[in-house]
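Visitor: My structure is below; once you've seen it, I'll send some questions.
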Amino acid sequence: MRRSFRIHVFLAVALCVVAFSGASRLLVANSAFEPLHGHFSEVLARHAARELQAAPGPLNTAQIKSYLEKSLDDLRPGEMLVWADKNPAGTDAAQALALKLTAAAPVWTPLDGQSTAQPFEMADLKADAQDWRILRTPHPQGQFYVAVDKNVLTRSAEGILQTRDGILRNLWPMLLGFIVLVTIVLTRAALKPVQTLQQAFATIDIKNPSAHISPENHYHEFAGFIGYFNALIDRLRGNYALAARFSSDAAHELRTPLTIIRGYLHRLVNQAPDRSELQIQLSLVAEEVERLISISNKLLVLSQADAGRVSLEIQPIQLNDMVGEMVDDLKAQHQDLTFSMDMPSGITFEGDNELIWQLTSNLFGNAVKYNRPQGQVQFKARISENKLVFSLSNTTHLSTSGLDDRIFERFYRFRETDKQEFTQVSGSGLGLSLCREIVSAHGGTLKMHVEEESWVTFECTLPCGD
Amino acid sequence: MNILLIEDEQRIADFIVTGFESAGFVVHHEIDGFRGLNTALIKNFDALVLDVALPMMDGFQILTEIRRKGLSTPVILLTAKTDLADRLSGFELGADDFLVKPFFIEELLVRVKILIARKLGSDASTIAQSGITLDRFSRVAQWGMRSSVLTQREYVLLECLLLSPGQIFSRQQILKQVWNVDFDPGTNVVDVCIQRLRKKLSNADPNSLEVFPIEAIRGVGYRLNNP
């Protein structure tokens with residue numbers, strides 16, 4: 001299965017959300033979440049300040065306490081005490097705690113986030129197995145104190161977390177949507193520069209030796225990657241040039257000796273007594289030399305195709321004329337075969353005349369060579385959607401099982417059985433691979449179909465201007 | 001006829017020189033571009049056979065120099081490359097013809113003869129050999145009392161044979177020169193075409209004593225016999 005970057009990001013975001021909520025629960029459960037206590041202290045201080053301002057004049061600690069009790073959830077009896085220095089009207093418990101506070105003399109720290117008009121200070125005190133958070137603020141009637149059991153603060157924090165959990169339980173589709181949204185945004189952001197880079201890779205001109213990806217146009221994190229790509233493309237260009245030079249060198253090196261051999265052979269054929277054994281043998285050798293020249297010519301075109309530089313001499317080609325001429329020649333030579341042609345008149349397309357000739361003559365040559373006695377050859381051509389499609393079908397004496405696209409491979413020879421010798425099949429084994437290269441150099445495709453009753457069809461599709 | 005051959009490959013040069021000499025040409029051979037250009041400018045030649053890849057100066061440079069000096073000697077270029085760009089630049093620089101290695105010496109001879117004939121102007125419109133005459137413009141061939149208009153293929157085939165009398169042309173050679181096809185053992189278009197020529201030109205009278213000059217040499221090829 002292919003790995004998906006999007007799924008990985010999605011899992012990572014989901015993991016982050018789960019880890020965050022798990023960690024916060026753990027911290028609160030261990031009462032180690034001091035900031036939350038601070039937060040509730042501040043909330044309490046704000047409420048107290050408001051009550052004090054709302055009721056100027058003599059302090060009514062009981063009334064303020066009852067108000068403050070409402071600001072905390074789940075407050076149990078005895079967990080909040082309120083008193084003032086000069087108003088000892090507080091409860092017994094409050095008086096007891098006030099005494100303990102005086103005795104303990106804890107360090108007071110100012111509380112953040114309060115109005116300067118009513119500054120609060122806070123301190124912690126342990127008394128009678130209870131852990132108190134005490135807030136105080138100056139008042140005309142002496143210091144005003146509020147003490148809260150820390151358990152309340154923890155319970156409040158837990159309450160919030162529970163509320164949050166409840167929301168999560170009820171609204172998980174929304175959370176999922178949120179995670180998906182974050183995933184989409186993150187992948188967009190992360191993939192965008194990669195896509196830009198990909199675009200640059202795709203549009204680089206392989207044939208221009210100085211075309212490189214410039215690292216300035218991309219994030220500096222990609223510099224190393226771009227460097228590798230540029231090095232790779234340079235090596236590719238090197239091979240490319242090497243292959244092109246090799247084919248040209250090989251052509252030159254082979255052509256000279258072949259020219260000489262052929263020349264002397266023809267001279268010897270001319271000098272030998274007419275119709276002598278020697279003359280016939282020499283002309284057989286000359287034929288083999290022709291075969292060698294033909295193979296080297298085909299290999300040259302193939303190696304040019306490999307280097308991506310078949311030089312096409314584009315000109316208008318009259319398919320009707322070319323095929324008609326070819327079929328006329330073949331009819332004269334193979335009178336037992338039935339030829340049929342089905343194509344509209346006046347098919348013209350752009351191509352390299354010599355290569356297209358080679359293509360069609362190769363295909364027709366095969367159609368005749370592998371045909372059965374009294375067999376048939378059918379040629380069809382049509383133009384549709386700016387494409388020229390022509391197909392050549394023929395009957396064959398060969399068994400067609402096992403005949404597949406391998407016949408387009410170089411030096412591949414189709415044998416009906418493994419025991420059949422190569423020598424029984426004539427030809428170089430290069431013709432069809434050359435055909436395919438010729439067609440693809442013209443931007444087309446060449447395919448083979450095997451049909452029932454020993455029919456073999458080669459179908460060629462070429463782009464066509466009109 | 002005087003020919004200047006500029007070719008650095010000694011073996012190819014030897015074989016071209018003997019080929020031309022056996023056809024009655026006088027060949028002067030130079031092995032590098034510099035000397036070749038010098039000789040071309042000093043002496044008079046009927047045609048130049050110029051290899052493209054040469055030491056000192058390449059064929060294109062020599063050609064440019066020769067044309068710059070106002071010499072209109074016909075020039076045929078020999079190259080190992082089939083690139084269109086190469087051929088086009090050759091023609092632009094003033095080459096008259098082009099031949100790709102490996103070539104048949106007979107084809108080179110034929111082409112050089114055609115170039116020289118074209119240069120001389122006068123009798124270039126007809127070729128006459130062994131009793132056959134061929135009109136280059138109307139493509140009409142005549143043998144004895146019979147004359148006939150030839151198709152393009154028949155014309156090229158006959159011209160090829162007429163320009164090299166006494167030379168045996170193998171089927172592959174004819175296929176290459178007339179049909180521009182590489183070796184293809186599966187076809188006998190050559191034989192069919194020769195038969196058509198024979199039919200078109202031979203006297204309908206079977207008792208005619210004249211023997212058609214194009215002779216088939218079994219297993220080898222065809223030859224236009226010298227009278």
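The values are calculated or read from the model by the stated rules, or taken from the named source; none is laboratory data. For clarity, every value in this text was computed on a predicted model and none was experimentally measured. Cβ atoms come from the backbone with ideal geometry, glycine included; neighbour counts cover every protein chain shown.
Visitor: Could you go through the range A:291-308 and let me know if any residue there is hydroxyl-bearing (S, T, Y) and at pLDDT 80 or above.
Guide: yes
Visitor: Something else: Could you please let me know if A:V107 is hydrophobic (A, V, I, L, M, F, W, C) and surrounded by fewer than 17 Cβ atoms within 10 Å (Cβ to Cβ)?
Guide: Judged against the criteria, A:V107 is a match.
Visitor: Follow-up. For the range A:96-158, which fully contained strands (runs of 3 or more DSSP E) count at least 2 residues that are closer than 12 Å to A:A45 by Cα and of a type in the set (A, V, I, L, M)?
Guide: Counting at least 2 such residues, we get A:130-137, A:144-149.
Visitor: Please go through the range A:176-212 and give me each residue that is over 20 Å from the mean Cα position of the chain (by Cα) and not in a helix (DSSP H, G or I), ordered by number.
Guide: If the condition is that a residue be over 20 Å from the mean Cα position of the chain (by Cα) and not in a helix (DSSP H, G or I), then A:D205, A:I206, A:K207, A:N208, A:P209, A:S210, A:A211, A:H212 are the ones that fit.
Visitor: Let me ask another. With within 12 Å of chain A (Cβ to nearest Cβ) and closer than 30 Å to A:T259 by Cα as the only criterion, which of B:E107, B:E154, B:E159 stands out?
Guide: From the options B:E107, B:E154, B:E159, the qualifying one is B:E107.
Visitor: Identify, by number, the condition in (1) touching a Lys or Arg at 6+ places or on another chain (Cβ under 7 Å); (2) in contact (Cβ under 8 Å) with a residue 24 or more places away in the chain that A:L254 doesn't meet.
Guide: With (1) touching a Lys or Arg at 6+ places or on another chain (Cβ under 7 Å); (2) in contact (Cβ under 8 Å) with a residue 24 or more places away in the chain applied to A:L254, the lone miss is (1).
Visitor: Please state which of the following conditions B:I42 fails to meet, knowing it meets all the rest: (1) over 21 Å from B:Q177 (Cβ atoms); (2) within 14 Å of chain A (Cβ to nearest Cβ); (3) of a type in the set (V, I, T).
Guide: The single condition B:I42 does not satisfy is (2).
Visitor: Is there a residue being β-branched (V, I, T) and in a helix (DSSP H, G or I) anywhere in the range A:222-230? Step through it out loud before you land on a result.
Guide: Initial filter on the range A:222-230 (β-branched (V, I, T)): A:226.
With the extra rule that they be in a helix (DSSP H, G or I), the set shrinks to A:226.
Checked the range A:222-230: at least one residue is β-branched (V, I, T) and in a helix (DSSP H, G or I).
Visitor: When both residues are 6+ apart or on different chains and their Cβ atoms are under 9 Å apart, which pairs have a first residue that lies in the range A:269-286 and is in contact (Cβ under 8 Å) with a residue 12 or more places away in the chain, and a second that is among the basic types (K, R) and in a helix (DSSP H, G or I)?
Guide: A:A286/A:R262
Visitor: So, B:F25, is that one of a type in the set (A, V, I, L, M, F, W, C), out of contact with any helix residue (DSSP H, G or I) (no Cβ under 6 Å at 6 or more places or on another chain) and modelled with pLDDT of 90 or more or not?
Guide: no
Visitor: Here is a further query. Out of all the residues in the range B:1-40, which are surrounded by fewer than 20 Cβ atoms within 10 Å (Cβ to Cβ), over 22 Å from B:E107 (Cβ atoms) and not acidic (D, E)?
Guide: Selection gives B:I31, B:F34, B:R35, B:N38, B:T39.
Each row is one residue, and each column tells you yes or no for (1) in contact with a Gly (Cβ under 6 Å, 6 or more places away or on another chain); (2) within 17 Å of B:S164 (Cα to Cα); (3) surrounded by 15 or more Cβ atoms within 10 Å (Cβ to Cβ).
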{"position": "B:P102", "(1), (2), (3)": "no, no, yes"}
{"position": "B:E106", "(1), (2), (3)": "no, yes, yes"}
{"position": "B:I114", "(1), (2), (3)": "no, yes, yes"}
{"position": "B:A117", "(1), (2), (3)": "no, yes, yes"}
{"position": "B:A128", "(1), (2), (3)": "no, yes, no"}
{"position": "B:D135", "(1), (2), (3)": "no, yes, yes"}
{"position": "B:A141", "(1), (2), (3)": "no, yes, yes"}
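Visitor: Do we find a residue being surrounded by 15 or more Cβ atoms within 10 Å (Cβ to Cβ), charged (D, E, K, R) and part of a helix (DSSP H, G or I) anywhere in the range B:41-51?
Guide: No, there is no match, as no residue in the range B:41-51 is surrounded by 15 or more Cβ atoms within 10 Å (Cβ to Cβ), charged (D, E, K, R) and part of a helix (DSSP H, G or I).
For (1) in contact (Cβ under 8 Å) with a residue 24 or more places away in the chain; (2) among the hydroxyl-bearing types (S, T, Y); (3) over 30 Å from A:N230 (Cα atoms), each residue gets a yes or a no:
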residue: A:G142; (1), (2), (3): yes, no, yes
residue: A:Y145; (1), (2), (3): yes, yes, yes
residue: A:T154; (1), (2), (3): yes, yes, yes
residue: A:R164; (1), (2), (3): yes, no, yes
residue: A:M174; (1), (2), (3): no, no, yes
residue: A:V185; (1), (2), (3): no, no, yes
residue: A:Q195; (1), (2), (3): no, no, no
residue: A:A202; (1), (2), (3): no, no, no
residue: A:D205; (1), (2), (3): no, no, no
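Visitor: When you check B:V112 against the structure, is it under 13 Å from the mean Cα position of the chain (by Cα) and within 14 Å of another protein chain (Cβ to nearest Cβ), yes or no?
Guide: no
Visitor: Return a yes/no flag: does the range A:231-244 have any residue that is β-branched (V, I, T), within 14 Å of chain B (Cβ to nearest Cβ) and touching a residue at least 24 places away in the same chain (Cβ under 8 Å).
Guide: Checking the range A:231-244: not a single residue is β-branched (V, I, T), within 14 Å of chain B (Cβ to nearest Cβ) and touching a residue at least 24 places away in the same chain (Cβ under 8 Å).
Visitor: Right, here's the next one. Does the range B:64-84 include one or more residues that are in a loop (DSSP other than H, G, I, E, B), in contact with a His (Cβ under 7 Å, 6 or more places away or on another chain) and under 29 Å from A:H266 (Cα atoms)?
Guide: For the range B:64-84, residues in a loop (DSSP other than H, G, I, E, B), in contact with a His (Cβ under 7 Å, 6 or more places away or on another chain) and under 29 Å from A:H266 (Cα atoms): present.
Visitor: Does at least one position in the range A:261-277 carry a residue that is of a type in the set (D, E, K, R) and more than 11 Å from chain B (Cβ to nearest Cβ)?
Guide: no
Visitor: Would the range A:316-331 turn up any residue that is farther than 30 Å from A:L242 by Cβ and in a loop (DSSP other than H, G, I, E, B)?
Guide: Here is the first cut: in the range A:316-331, the residues farther than 30 Å from A:L242 by Cβ are A:316-331.
Subset that is in a loop (DSSP other than H, G, I, E, B): none.
So far as the range A:316-331 goes, no, none of its residues is farther than 30 Å from A:L242 by Cβ and in a loop (DSSP other than H, G, I, E, B).
Visitor: Based on what the data block shows, is B:L77 crowded, with 18+ Cβ neighbours inside 10 Å, touching a residue at least 12 places away in the same chain (Cβ under 8 Å) and more than 13 Å from every other protein chain (Cβ to nearest Cβ)?
Guide: Yes, satisfied.
Visitor: So which residues in the range A:178-230 are exposed (fewer than 11 other Cβ atoms within 10 Å of the Cβ) and small (G, A, S)?
Guide: Residues satisfying the conditions are A:A189, A:A202, A:S210, A:S214, A:G224.
Visitor: Can A:S303 be described as more than 36 Å from the chain's Cα centre (by Cα) and surrounded by 15 or more Cβ atoms within 10 Å (Cβ to Cβ)?
Guide: So A:S303 does not fit the description; no.
Visitor: Can I ask one more? Tell me which residues, restricted to the range A:127-162, are at negative phi and among the acidic types (D, E).
Guide: Applying the first criterion (at negative phi) to the range A:127-162 yields A:127, A:130-141, A:143-162.
If the condition is that a residue be at negative phi and among the acidic types (D, E), then A:D131, A:D149, A:E158 are the ones that fit.
Visitor: From the list B:F60, B:F15, B:F20, B:F34, which residue is facing another protein chain (nearest Cβ under 10 Å) and in a helix (DSSP H, G or I)?
Guide: Checking each option against the conditions leaves just B:F15.
Visitor: Which is part of a loop (DSSP other than H, G, I, E, B) and either free of Cβ contacts under 8 Å to residues at least 24 places away in the same chain or away from chain A (no Cβ under 14 Å) (or both), of B:A128, B:A141, B:A117, B:A95?
Guide: B:A95
Visitor: If I filter the range A:368-390 down to residues being among the hydrophobic types (A, V, I, L, M, F, W, C) and touching a residue at least 40 places away in the same chain (Cβ under 8 Å), which single residue comes out as farthest from the other protein chains (Cβ to nearest Cβ)? Explain how you work it out, then say what you get.
Guide: Of all residues in the range A:368-390, those among the hydrophobic types (A, V, I, L, M, F, W, C) come to A:368, A:377, A:379, A:381, A:383, A:388-390.
Retained after the next criterion (residues that are touching a residue at least 40 places away in the same chain (Cβ under 8 Å)): A:377, A:379, A:381, A:383, A:388-390.
On the way: A:V377: 13, A:F379: 16, A:A381: 21, A:I383: 26, A:L388: 22, A:V389: 25, A:F390: 20 Å.
Ranking the candidates gives A:I383 first.
Visitor: Could you pull out the residue among A:E42, A:E51, A:E34 that is of a type in the set (D, E) and at pLDDT below 80?
Guide: A:E34
Visitor: What number of residues in the range B:163-199 are at pLDDT 80 or above, closer than 29 Å to B:A23 by Cα and of a type in the set (K, R)?
Guide: Selection size over the range B:163-199: 3.
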